[in-house]
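Reading through the structure tokens given below for one structure.
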Amino acid sequence: MVEQRTIVVTGCSSGIGAHCARALKADGWRVFATVRKTDDLAALQADGIEAFLMDYARTETITELVGTALERSGGRVDALFNNGAYGQPGAVEDLSTAALRAQFEANFFGWHELTRQVIPSMRKHGQGRIVQCSSILGVVPYRYRGAYTASKFALEGLSITLRMELHGSGIHVSLIEPGPIATRFTANALAKFNENIDVENSPHAADYIRQLARLEGTGPVNRHKLGPEAVYSVLKHALNAKNPRPHYPVTTPAKQGMFLKRLLPAGLLYNLMRWTD
């Protein structure tokens, strides 16, 4: 009898995490799903998913989650899908250091802490999969997304280094780089923008007004936006393939961005991205 594989999936209140947690369970995985708010537990538990509270910005909740998962699984976590994150829009010069630090706590340092805490179990069993839900903005820059871009660039560098260091251990590390995916990400980003950016006194006010139309859903619809199932299709490969890839771009804009970074001189690429909305 094949032992059921276990996976920790973060950011499961909605969007990519919620879809992938349910799809993984349907595919036979034992899923330990995390959310930040108590109100988001019930929907996952109603679908038979073991759901827990965890906040990347609170180390004690990470430690508690890992301890619970190991206890319930008999000391085995076969895979980790780091996914929970948010975007802090705003020009770099308008970002307070506190806002930038908060972005890194949620999108980078917390991911590192959770990853470090599951690796010993994977090493003990001689196998494991670590999949990081990064972004195409971890590969190419984008105006007014400096905080988010910086956190994802950092994640890319740290994760690929970890992949090299774990070579031969049976533990594989992969990065998924989505472009536009239909989730609550934009709505959450708008809330952070309103919370931390002083539009009225910014030299970027005119651009912000134009950008806000997109964040508020009144601007043009992105015809390249896909559903979270597009992410799950590559997550399955990263979790099951004998030799998973280091990078999995998802959506046409993400694939184009990866291609253009390889093809174009840096100056030309950055000028092109400067005019991209």
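The values are calculated or read from the model by the stated rules, or taken from the named source; none is laboratory data. Remember, it's a predicted structure, so these values are computed and weren't measured experimentally. Here Cβ is always computed from backbone atoms with ideal geometry, including for glycine, and neighbour counts include all displayed protein chains. These area figures cover heavy atoms from the full protein model, side chains too; ligands, DNA and RNA do not enter into them. Shrake-Rupley method; radii C 1.70, N 1.55, O 1.52, S 1.80 Å.
Selection of the range 124-144 for residues being within 15 Å of the chain's Cα centre (by Cα) and touching a residue at least 24 places away in the same chain (Cβ under 8 Å) yields Ile130, Val131, Gln132, Cys133, Ser134, Ser135, Ile136, Gly138, Val139. Scanning the range 76-100 for residues that are among the small types (Gly, Ala, Ser) and in a loop (DSSP other than H, G, I, E, B), we see that the one that is nearest to Lys124 (Cα to Cα) is Gly84.
A single entry from Leu24, Leu44 fulfils the requirement of being modelled with pLDDT of 95 or more, under 25 Å from Ala187 (Cα atoms) and either of a type in the set (A, V, I, L, M) or under 15 Å from the mean Cα position of the chain (by Cα) (or both): Leu44. Limited to the range 247-261, what total is found for residues that are open to solvent by 50 Å² or more (accessible area, probe 1.4 Å) and either basic (Lys, Arg) or within 23 Å of Arg163 (Cβ to Cβ) (or both)? The total comes to 4.
Filtering Ser151, Ser159 for residues that are of a type in the set (Gly, Ala, Ser), closer than 25 Å to Arg274 by Cβ and either open to solvent by less than 10 Å² (accessible area, probe 1.4 Å) or at pLDDT below 95 (or both) leaves a single hit, Ser151.
Against the test of being within 25 Å of Thr10 (Cα to Cα), part of a helix (DSSP H, G or I), within 21 Å of the chain's Cα centre (by Cα) and not aromatic (Phe, Trp, Tyr), the options Ser159, Ser121, Ser174 yield a single qualifying residue, Ser159.
Of Ala213, Ala206, Ala187, which residue is at pLDDT below 90, in a helix (DSSP H, G or I) and over 23 Å from the mean Cα position of the chain (by Cα)? Sole residue among the options that is at pLDDT below 90, in a helix (DSSP H, G or I) and over 23 Å from the mean Cα position of the chain (by Cα): Ala213. If the condition is being assigned to a helix (DSSP H, G or I), open to solvent by 30 Å² or more (accessible area, probe 1.4 Å) and hydroxyl-bearing (Ser, Thr, Tyr), then the range 8-66 contributes Thr38, Thr59, Thr63. When residues in the range 70-88 are screened for being under 21 Å from Arg36 (Cα atoms) and buried (at least 18 other Cβ atoms within 10 Å of the Cβ), 12 of them pass. Residues that are surrounded by 18 or more Cβ atoms within 10 Å (Cβ to Cβ) and not in a helix (DSSP H, G or I) within the range 227-243 comprise just one, Pro228.
Residue check: Ala206 meets all listed conditions (1) of a type outside the set (Val, Ile, Thr); (2) open to solvent by 40 Å² or more (accessible area, probe 1.4 Å); (3) within 23 Å of Gly138 (Cβ to Cβ) but one, namely (3).
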